[in-house]
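Structure first, then comments.
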Amino acid sequence: MTKPRVIYWFRTDLRLHDSPALKAALDLHPEAFWPVWTWDAQYVFRARVGLNRWQFLLDCQNDLSKSITKINKKSKLFLIRESPQTLFPKLFKAWKITHLVFEKDTDAYARDRDNAVIAAAKAAGVEVITRSGRTLWDSDLLVAKNGGKPTMSITQVQNAGPKVG
């Protein structure tokens with residue numbers, strides 16, 4: 001059986017600890033593991049943020065890369081300036097990827113982007129693993145347990161949350 005070759009796609013969560021998605025990736029015991037963050041032009045150039053917020057993101061990425069290198073001196077965070085929809089199909093082929101793992105996102109653009117990446121992975125024979133992590137409960141399960149309606153108040157979250165488990 002082929003040992004997994006994994007891309008872990010860092011997105012909004014730049015942590016090495018307490019990340020269900022990262023744990024799922026490492027639980028595959030991959031022979032090759034690439035931590036990747038994409039500078040998605042669609043997202044980056046439309047975001048209206050100040051200089052301090054961009055600097056904070058750069059500092060976090062730098063810190064994450066150094067933390068990865070402390071664990072494995074031959075590794076670092078790959079920062080790639082390209083849309084994930086066009087980048088990942090190339091990487092799947094070039095790096096002989098078997099798995100793509102990332103944390104589930106909830107906003108509309110992210111869902112559309114992720115669906116395109118998942119379709120490309122499926123076409124390339126790459127298994128996709130997603131996990132919730134930024135929120136206490138999986139947002140889709142929370143909506144399902146709230147009668148199929150988005151939770152619009154903390155009371156609705158508190159009522160639907162225990163039904164998720």
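Taken together, the values in this text are just the output of simple stated rules run on the coordinates, not laboratory data. As the structure is a prediction and not an experimental result, all values here were calculated from the model. Neighbour counts are summed over all protein chains in view; Cβ atoms, including those assigned to glycine, are modelled from backbone coordinates with ideal geometry.
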Evaluate the range 1-160: find the radius of gyration of its Cα atoms, find its Kirkwood radius, and give the ratio Rg to Rh.
0.98
Computed over the Cα atoms, what is the radius of gyration of the range 65-165 divided by 2.2 N^0.38 Å, N being its residue count?
1.36
Value at 222 nm in deg cm²/dmol, rounded to 500, when DSSP H runs of n ≥ 4 in the chain each add -39,500 (n - 2.57):
-14500 deg cm²/dmol
For the Cα atoms of the chain, what angle does the longest principal axis make with the long axis of helix 108-124, in degrees from 0 to 90, nearest 10?
50
In the range 12-69, chymotrypsin sites (Phe, Trp or Tyr not before Pro) in a DSSP loop with at most 14 other beta-carbon atoms within 10 Å
F45
Excluding residues on the same chain fewer than 8 positions from K76, give the aspartates and glutamates whose Cα lies under 15 Å from its Cα.
D59, D63
Calculate how steeply helix 84-94 sits against the longest principal axis of the alpha-carbon atoms of the chain, using the helix alpha-carbon long axis, and give the answer as 0 to 90 degrees to the nearest 10.
40
Considering the options N62, M152, A25, tell which one lies farthest towards the positive end of the dipole of the chain, charges being +1 on Lys and Arg and -1 on Asp and Glu at the Cβ, about the Cα centre.
N62
Per residue, what volume in Å³ does the convex hull of the Cα atoms of the range 1-71 enclose?
103
For helix 154-164, what angle does its Cα long axis make with the longest principal axis of the chain, in degrees from 0 to 90 and rounded to 10?
70
